[in-house]
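K.L.:
The structure under discussion is supplied below as structure tokens; questions concerning it will follow.
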Amino acid sequence: MNTIPKKSFAQKWHIKALVWTAIVLALFIASCAMTGVDVGAFLTGFNQFMQIFYEMLKPDWSYVPFTIKPIIQTIQMALIGTLVGSIIAVPFAVLAARNIVTNTVIRGTIRFILNLVRTLPDLMLAAVFVAVVGIGPMAGVLTLAIFSFGMISKLFYEAIETIDMGPIEALTAAGATKTQVVWFAVLPQVYNHFLSYFLYTFEINVRASTILGYLGAGGIGELLQRSLGQFRYDRTAIVVIGTFIVVVVVDTLSNQLRERLQ
Amino acid sequence: MTIKKTFWQKYEAWIWALIFVIIYVWAFSGIPVTGIQAVAGEVTKSILHGLFHPDFSYVYTGDGEDLISLLLQTLAIAFAGTIASALLSIPFAFWAARTKKGGTHLGSSSGKLFLTIVRTFPEIVMAIMFIKAVGPGPFAGVLAVSFHSIGMLGKLFAEAVEEIDRRPAEAIIAAGGTQFDVLIHATIPAVIPEFISLTLYRFEIAVRSASILGLVGAGGIGAPLIFAIGTRWWPRVAIILLGIIVMVTVIDFISGYLRKKLV
Amino acid sequence: MQEGTPIIEFNDVNKVYPNGTVGLDNINLTINKGEFVVIVGLSGAGKSTLLRAANRLHDVSSGEILIDGQSIVTAKGKQLREVRRNIAMIFQNFNLVKRSTVEKNILNGRVGYYPTWKTIFGLFSAADKQQAAANLQRVNLGEKLYSRADELSGGQQQRVAIARALMQEPKIMLADEPIASLDPRTTVMVMDDLKKLNEELGITVVVNLHSVSLAKQYASRVVGLRAGKLVYDKQIGDVQDGDFDEIYDGKNQEVKEA
Ligand SMILES: Nc1ncnc2c1ncn2[C@@H]1O[C@H](COP(=O)(O)OP(=O)(O)O)[C@@H](O)[C@H]1O
Ligand SMILES: [Mg+2]
């Protein structure tokens, strides 16, 4: 005879889900309290918000010519930052790959450095670099270089860990040095991944570089800071639109190139 | 026998290399390398000195303006913002998701465009707009995170909805169920784990952005950081950077662990 | 040919893998110059382990392996690479760099002769480039020089691998089940290529095979392994039809001396 299995108490009441929901709810309430969330204040202040928004809906088109040069600089910063970052990333990625470096101390140290770099938000790096090298695009380039370095090296060592080990064996067996093995058996296998990550990182860098200027690190972000400081939201709108166009164009181009790489 | 390479075989690499070089010559021409300050070396030295002598007295002072309190506040901004954003994103996700085969996708395309605009709209500008609305402080940060995250979460959620297995839904329709039945019994159970995982991922990003929103006065650890950098108070900068690194690392670890457990 | 001059010598070689599996169990084996040795045995018998030890793709636990009188067990750095240079290897899965051209793959066999920096800048001599094309013609694939390796069939890839191995100007060619992933027709081509190298260039060939009939067809000497032990070793003229049952079925545990 069939008996319907009885649900346990926990299953019946979805205890686990309920506990988790309760925890999240409690944390949410605590977070709201801690950050002074006040829906009333938001509603009353909302017309202030919309006020700015309305001003942004009437962009100051005469401002467009002033945005061209900073936009170009933004792209240039992103290009250089991506290049520098990804070149530095290559040796680090090789040294962080489990199938290339068997020495856990070296690999662990390298991965630790990479994890550390990835924890740093881009704007924070920008603030530090502006202090070091002064206001200007150089600070932006350095920020983006470090930022892309952290991102590419992780993507890249993960790609290296998926390669076919056969050619490595073949090169070793033919009497190749470690460097030759990496150059002839590893890199050709991940070359396409590398280019694809390069483009992907470039896309992200273009987005990032549009705001770095807010802290003085060059590019279109400087105009963001200036127009907001002067309460010229009609100009802010132009900057935002410009940013949007650049991001969409770069994303589209880069996506097309990446598809060709497949 | 000798075989010739075709033109393309022979020159493809060179052509790409040339394009690459031209682009980069152009790029470098736009960045004045002379822009490095004379004091850069000195500043770097002070920073490094500071980094090895962090201002530990700042870690906890009990006045609510110390490192620990502000890191907690940063986490609170990220958490409250992400949860609110996850809830707000759900309707946008269903708007932007392309669930029907064939036909035009005016609805979903407009939804995707909207989400792209939100995603591209600088978070800093959003924070400043909210500061005008509710005044400076962490609440403005929460609002900025909540609204800005919709751009990315909405997109990721929409992709999750698009990728769910349609067969259970078809089975429900075939059995005479309504669209509402489909939503309750097929769609929601399928997407919830995915949504939670994506929300956790977005939380990791939000922690990073919350730690810089203070740069414009939207609460969290960013404000004391920018102040310390401005006054070249390197031991203080160092302890704040260390604090952020530890916080982000711990959050990434926890979130990564939870996400692994979900799948 | 210089029959009787040892070129590979295994003396009391043992190999225990880190997980405790015994790969080689007290192997004593001398292979002479110019021989075409086929090693047979069930899968898991230790055939690959033996070949890989001979090129030191992995270390042995104890014992000595001499290549042309020189120890490869203790060789280090440059010295090790020079010994390896004389030993070419052919693999079951070809181990070509799939995304690179055939020419580049073949030149990869030559890197042991150059300083690292020269190879990185692609500064292979014109003579070596010509040799690469000639080696490819030797395996009848001359027109594929600039094709990408992944455009070739399995049999063609294995022949490119042979051309690559020839770039080493090896004294010894080790082939680990070179035909296991090939169809019968290409199998014959690859085996014929190996035989030709053996006869025309005097390269000592050691091949791991599953197929008894191929072993009889090509070998000058057949060696049998079972559970890491050497259980059979005869010149081809002495091989009896019933012998292989012993290697495969394990009825006879004794080593049969040739
Ligand atoms: N890397 C390894 N780690 C542990 N055991 C291994 C490893 N490689 C091979 N073995 C074991 O060693 C024995 C011999 O393997 P192998 O030399 O590959 O045999 P064959 O090539 O004759 O099929 C087998 O039992 C196999 O499972
Ligand atoms: Mg084997």
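K.L.:
State the answer as a single residue: which of C:223, A:44, C:141 lies farthest towards the positive end of the charge dipole of the protein assembly as shown, with beta carbon charges of +1 for Lys and Arg and -1 for Asp and Glu, about the Cα centre.
P.N.:
A:44
K.L.:
Would you look at the GNM of chain B, springs on alpha carbons closer than 10 Å, and say which of B:67, B:115, B:87 moves the most?
P.N.:
So, out of B:67, B:115, B:87, the one fluctuating most is B:87.
K.L.:
Any idea of the total accessible area buried by the A-B contact, 1.4 Å probe, rounded to 100 Å²? List each step's numbers first, then the result.
P.N.:
On the way: alone 16380 and 16490 Å², together 27740 Å².
Chains A and B together bury approximately 5100 Å².
K.L.:
Can you pull the Rg over Rh of the protein assembly as shown, Cα-only, Kirkwood?
P.N.:
Result for the protein assembly as shown is an Rg/Rh of 1.07.
K.L.:
Suppose R0 equals 45 Å. What FRET efficiency, 1/(1 + (r/R0)^6) with r the Cβ-Cβ distance, do residue C:192 and residue B:167 give to the nearest 0.05?
P.N.:
Values: r = 54 Å, r/R0 = 1.20.
According to the calculation, E is roughly 0.25.
K.L.:
In debye to the nearest 20, how big a dipole does the range B:64-262 give about its Cα centre with +1 on each Lys and Arg Cβ and -1 on each Asp and Glu Cβ?
P.N.:
Value, rounded to 20: 300 debye.
K.L.:
Moving to a separate point now. Tell me, what is the per residue accessible area of the range C:97-169 in Å², probe radius 1.4 Å?
P.N.:
Solvent-accessible surface per residue comes out at 40 Å².
K.L.:
Hey, got the dipole for the range A:63-261? About the Cα centre, +1 on K and R Cβ, -1 on D and E Cβ, debye to the nearest 20?
P.N.:
So the magnitude is around 300 debye.
K.L.:
Next question, about the same structure. Per the 1.4 Å probe, what fraction of the accessible area of the protein assembly as shown, in percent, lies on carbon and sulfur atoms?
P.N.:
Numbers: 23450 of 37220 Å².
Carbon and sulfur: 63 percent of the exposed surface of the protein assembly as shown.
K.L.:
Next question, about the same structure. Can you list the lysines whose alpha carbon is less than 25 Å from that of residue B:5, not counting same-chain residues fewer than 8 positions off?
P.N.:
Within the straight-line limit of under 25 Å, residue B:5 reaches these lysines: C:98, C:104, C:118, C:129, C:144.
K.L.:
Further, regarding this structure: Count the net charge of all other residues whose Cβ sits under 14 Å from the Cβ of residue A:115, scoring Lys and Arg as +1 and Asp and Glu as -1.
P.N.:
Result for the neighbourhood of residue A:115: +2.
K.L.:
With every protein chain kept in place and ligands, DNA and RNA left out, what is the accessible area per residue of the range A:168-231? Probe 1.4 Å, answer in Å².
P.N.:
I get 32 Å² per residue for the range A:168-231.
K.L.:
Note down the Stokes-Einstein diffusion coefficient of the range C:104-227 in µm²/s, whole number, using a Kirkwood radius over alpha carbon pairs, 10 °C, and 1.306 mPa s. Could the numbers behind the result be given before it?
P.N.:
Values: Rh = 15.5 Å.
Stokes-Einstein gives a translational diffusion coefficient of 103 µm²/s.
K.L.:
In addition: Bin width 5 Å, alpha-carbon pairs only: give the P(r) of the range A:191-262 as whole percents, running from 0 to the bin holding the largest distance.
P.N.:
4, 17, 21, 19, 13, 10, 8, 5, 2, 1
K.L.:
How much length is gained if the chain between residue C:125 and residue C:76 is pulled fully straight, taking 0.36 nm per residue apart and subtracting their Cα-Cα distance, in nm to one decimal?
P.N.:
Fully extending the segment from residue C:125 to residue C:76 adds 14.9 nm.
K.L.:
Also: Give me the summed buried accessible area for the A-C pair, 1.4 Å probe, to the nearest 100 Å².
P.N.:
The contact between C and A buries close to 1900 Å².
K.L.:
If you average over every viewing direction, what projected area does the convex hull of the Cα atoms of chain A give, in nm²?
P.N.:
Dividing the Cα hull surface by four gives the mean projection, 25.0 nm².
K.L.:
Could I ask something else about it? Bin width 5 Å, alpha-carbon pairs only: give the P(r) of the range C:73-120 as whole percents, running from 0 to the bin holding the largest distance.
P.N.:
5, 17, 22, 25, 19, 10, 2, 0
K.L.:
Measure nothing fancy, just the Cα-based angle from helix C:154-167's long axis to the longest principal axis of chain C, in degrees from 0 to 90, nearest 10.
P.N.:
Helix C:154-167 sits at roughly 80 degrees to that axis.
K.L.:
Same structure again: Throw me the Rg/Rh for the range A:164-206, computed over C-alpha atoms with Kirkwood Rh, two decimals.
P.N.:
Values: Rg = 13.9 Å, Rh = 11.5 Å.
My calculation puts Rg/Rh at 1.21.
K.L.:
How do A:203, A:169 rank by accessible surface area computed with a 1.4 Å probe, from largest to smallest?
P.N.:
Accessible-area ranking of A:203, A:169, largest first: A:169, A:203.
K.L.:
Largest first and to the nearest Å, give the Cα extent of the range C:45-166 along each principal axis.
P.N.:
46, 36, 23
K.L.:
Please work out the average accessible area per residue across chain B, using the 1.4 Å probe convention, and give it in Å².
P.N.:
Here the per-residue accessible area is 52 Å².
K.L.:
So, one more: Would you calculate the volume per residue, in Å³, of the smallest convex hull containing every Cα atom of the range C:97-169?
P.N.:
Values: hull volume 5.6 nm³, N = 73.
Once divided by residue count, the hull of the range C:97-169 is 77 Å³.
K.L.:
Also: Which residue fluctuates most in the GNM of chain C (Cα springs below 10 Å): C:204, C:101, C:49?
P.N.:
Among C:204, C:101, C:49, the largest mean-square fluctuation in the Gaussian network model of chain C belongs to C:101.
K.L.:
Could you give the radius of gyration (one decimal) and Dmax (whole number) of the Cα atoms in chain C, in Å?
P.N.:
My reading of the Cα-based Rg and Dmax gives 18.2, 57 Å.
K.L.:
Which whole-number percent is the relative contact order of the range C:1-157 (Cα, under 8 Å, 6+ apart)?
P.N.:
19
K.L.:
Which lysines have a Cα less than 26 Å from the Cα of residue B:155, not counting those fewer than 8 places away in the same chain?
P.N.:
Straight-distance partners of residue B:155: A:154, B:100, B:101, B:112, B:260, B:261.
K.L.:
Continuing with the same structure: Given a Förster distance of 30 angstrom, what is the FRET efficiency for residue C:14 paired with residue C:217, based on the Cβ-Cβ distance and rounded to 0.05?
P.N.:
It comes to 0.40.
K.L.:
Over the range A:63-261, what is the relative contact order in percent, taking alpha-carbon pairs closer than 8 angstrom and at least six residues apart?
P.N.:
Normalised by residue count, the contact order of the range A:63-261 is 29 percent.
K.L.:
Follow-up question, since we're still on this one. Could you please put C:200, C:9 in sequence from largest to smallest accessible area, using a 1.4 Å probe?
P.N.:
C:200, C:9
K.L.:
Sticking with this structure for a sec: Once Rh is set to the Kirkwood radius over Cα pairs, what Stokes-Einstein translational diffusion coefficient, in µm²/s, holds for the range B:1-160 at a temperature of 37 °C and a viscosity of 0.692 mPa s?
P.N.:
153
K.L.:
Which ³J(HN,Hα) values, rounded to whole Hz and listed in residue order, are derived for the range C:184-192 from phi using the Karplus coefficients 6.51, -1.76 and 1.60 in 6.51 cos²θ - 1.76 cosθ + 1.60 with θ = phi - 60°, glycine and proline given as x?
P.N.:
x, 5, 5, 4, 4, 4, 5, 5, 4
K.L.:
Putting +1 on Lys and Arg Cβ atoms and -1 on Asp and Glu Cβ atoms, find which of B:72, B:257, B:140 reaches farthest to the positive end of the dipole of chain B.
P.N.:
B:257
K.L.:
Within 13 Å, Cβ to Cβ, of residue C:128, how many net charges do the neighbouring residues add up to if Lys/Arg are +1 and Asp/Glu are -1?
P.N.:
Net charge in that neighbourhood comes out at +3.
K.L.:
Based on the Kirkwood radius over alpha-carbon pairs, what is the Stokes-Einstein translational diffusion coefficient of the range B:64-262 at 10 °C with 1.306 mPa s viscosity, in µm²/s?
P.N.:
Result for D is 87 µm²/s.
K.L.:
Sticking with this structure for a sec: Net charge near residue B:146: determine it from the other residues with C-beta under 15 Å of the C-beta of residue B:146, scoring Lys and Arg +1 and Asp and Glu -1. If you can, show how the numbers build up before the last one.
P.N.:
Details: positive: B:119, B:202; negative: A:38, B:123.
My count for the surroundings of residue B:146 gives 0.
K.L.:
Something else about it: Efficiency by 1/(1 + (r/R0)^6): what FRET value for residue B:242 and residue C:235, r their Cβ-Cβ distance, R0 = 60 Å, to the nearest 0.05?
P.N.:
Rounded to the nearest 0.05, the efficiency is 0.25.
K.L.:
Same structure, new question: May I ask you to evaluate 6.51 cos²θ - 1.76 cosθ + 1.60, the Karplus curve with θ = phi - 60°, for each residue of the range A:173-188 and list the ³J(HN,Hα) values in order in whole Hz, giving x for glycine and proline?
P.N.:
Once θ is set to phi - 60°, the couplings for the range A:173-188 become 5, 7, x, 7, 7, 4, 5, 5, 4, 4, 5, 9, 10, 8, 4, x Hz.
K.L.:
Hey, can you list the residues from the range A:67-89 whose accessible area shrinks by 30 Å² or more with all protein chains present, relative to the chain by itself (probe 1.4 Å, no ligands or nucleic acids)?
P.N.:
A:76, A:79, A:80, A:83
K.L.:
I would also like to ask the following. What three numbers, in Å, describe the spread of the alpha carbons of the range A:133-212 along their principal axes, ordered from the longest?
P.N.:
For the range A:133-212, the Cα extents along the three principal axes come out at 53, 23, 14 Å.
K.L.:
Which residue, A:142, A:120, A:18, tops the fluctuation ranking in a GNM of chain A built on C-alpha contacts under 10 Å?
P.N.:
A:18
K.L.:
Quick check of the Kirkwood formula: for the range C:9-110, what is the inverse mean of 1/r over all pairs of different Cα atoms, in Å?
P.N.:
15.1
K.L.:
Now for a separate question. Each residue of the range A:83-89 in order: what ³J(HN,Hα) in whole Hz does its phi give by Karplus 6.51 cos²θ - 1.76 cosθ + 1.60, θ = phi - 60°, with x for Gly and Pro?
P.N.:
Here the 3J(HN,Hα) series is 4, 4, x, 6, 5, 5, 5 Hz.
K.L.:
Treating only the Cβ of Lys, Arg, Asp and Glu as charged (+1, +1, -1, -1), what charge dipole size does the protein assembly as shown show about its Cα centre? Round to the nearest 20 debye.
P.N.:
Rounded to the nearest 20 debye, it is 1080 debye.
The values are calculated or read from the model by the stated rules, or taken from the named source; none is laboratory data. Fair warning: this is a prediction, and the values are worked out from it, not measured in the lab. Neighbour counts run over all protein chains shown; Cβ positions are idealised from the backbone, glycine included. Accessible surface areas use protein heavy atoms only, side chains included; no ligands, DNA or RNA. Shrake-Rupley method; radii C 1.70, N 1.55, O 1.52, S 1.80 Å.
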